[in-house]
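J.: Just dropping this structure here.
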Amino acid sequence: MENSLTMKLFQLIRFTFLALLIVGCSSKNPVVLIETELGNIEIELYEKEAPVTVANFLKYVDKSLFNVGEFYRVVSMDNQPNSKIEIEVIQGGIGWDDNLPRLDSITHESTKQTGIKHENGTISMARNKPGSASSEFFICIGYQPALDFGGMRNPDGFGFAAFGKVVKGMDIVELIHNQPNKDQFLEPTIKITSVSRVN
């Protein structure tokens, strides 16, 4: 009798462990590796929270469109003298040339919808008006609440669409942030050599 109960308990524990393992695997977020000439940055994408934004970013990754991209802009405390609301980020993508292979712009997923805040290492979409984001993105240096919904870095108050976070390579983000720049634009730009899925 005791052996039977022990066996049933063992089977229950085994089943529970396998179930948790399956759930854990099925909910694993995609991770991408951004390779630059200064080093690599690994980013976890929050697919469940920001499905539209993540799907758009992964389209660029899967089509290898970022492989001709670059980090071209840094915003720091000493290069935004005319901004009443200061932030610190690095910005990159394929650039703004109209001849570049850009996909359609996407619906704006605000931080109010997703719950993803602009913290240290958060990746988010650059935009003009809400719904205009497509290929350009930025990574936060430190906590940047002015970029969240209700923050006024963009006067419309809708904030920016955060969709993931750096899990490895913040030292590279900071290295890029400290490169020479003129009026926020890097001189020279930092080439992105590849962006690919890790899992």
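J.: Are there any pairs with C-beta distances below 6 angstrom linking a residue in the stretch 180-199 that is within 14 Å of residue 71 (Cβ to Cβ) and in contact (Cβ under 8 Å) with a residue 24 or more places away in the chain to a residue that is part of a strand (DSSP E or B) and aromatic (Phe, Trp, Tyr), with the two at least 6 apart or on different chains, and if so which?
T.: Hits for this filter: 186/72; 189/72; 190/71.
J.: Going by what's in this entry, would residue 39 be described as under 15 Å from residue 127 (Cα atoms), small (Gly, Ala, Ser) and in contact (Cβ under 8 Å) with a residue 24 or more places away in the chain?
T.: On the way: under 15 Å from residue 127 (Cα atoms): no; small (Gly, Ala, Ser): yes; in contact (Cβ under 8 Å) with a residue 24 or more places away in the chain: yes.
So residue 39 fails the test.
J.: OK, next. So which pairs qualify, if the first residue must be in the stretch 62-84 and buried (at least 18 other Cβ atoms within 10 Å of the Cβ), the second must be assigned to a loop (DSSP other than H, G, I, E, B) and hydrophobic (A, V, I, L, M, F, W, C), the Cβ gap must be under 8 Å, and the two must be at least 6 apart or on different chains?
T.: 65/94; 65/103; 66/94; 69/94; 75/87
J.: Within the stretch 156-199, can you find the residues that are hydrophobic (A, V, I, L, M, F, W, C), surrounded by fewer than 19 Cβ atoms within 10 Å (Cβ to Cβ) and under 14 Å from residue 37 (Cα atoms)?
T.: The answer is 175, and nothing else.
J.: Same structure, new question: Taking the stated definitions as given, is residue 52 assigned to a helix (DSSP H, G or I) and surrounded by 14 or more Cβ atoms within 10 Å (Cβ to Cβ)?
T.: The answer is yes for residue 52.
J.: Restricting to the stretch 95-152, count the residues that are over 21 Å from residue 75 (Cβ atoms) and not charged (D, E, K, R).
T.: Matching residues across the stretch 95-152 total 11.
J.: Can I ask one more? Restricting to the stretch 161-178, name every residue that is part of a loop (DSSP other than H, G, I, E, B) and touching an Asp or Glu at 6+ places or on another chain (Cβ under 8 Å).
T.: Once the filter is applied, which keeps residues that are part of a loop (DSSP other than H, G, I, E, B) and touching an Asp or Glu at 6+ places or on another chain (Cβ under 8 Å), the stretch 161-178 yields only 169.
J.: Does residue 146 qualify as being buried (at least 17 other Cβ atoms within 10 Å of the Cβ) and more than 25 Å from residue 29 (Cα to Cα)?
T.: For residue 146, the condition - buried (at least 17 other Cβ atoms within 10 Å of the Cβ) and more than 25 Å from residue 29 (Cα to Cα) - is met.
Readers should treat all values here as calculations from the given coordinates under stated rules, not as data from a laboratory. All of these numbers come straight from a predicted model, not from anything done at the bench. Every residue, glycine among them, receives a Cβ derived from its backbone with ideal geometry; neighbour counts consider all protein chains shown.
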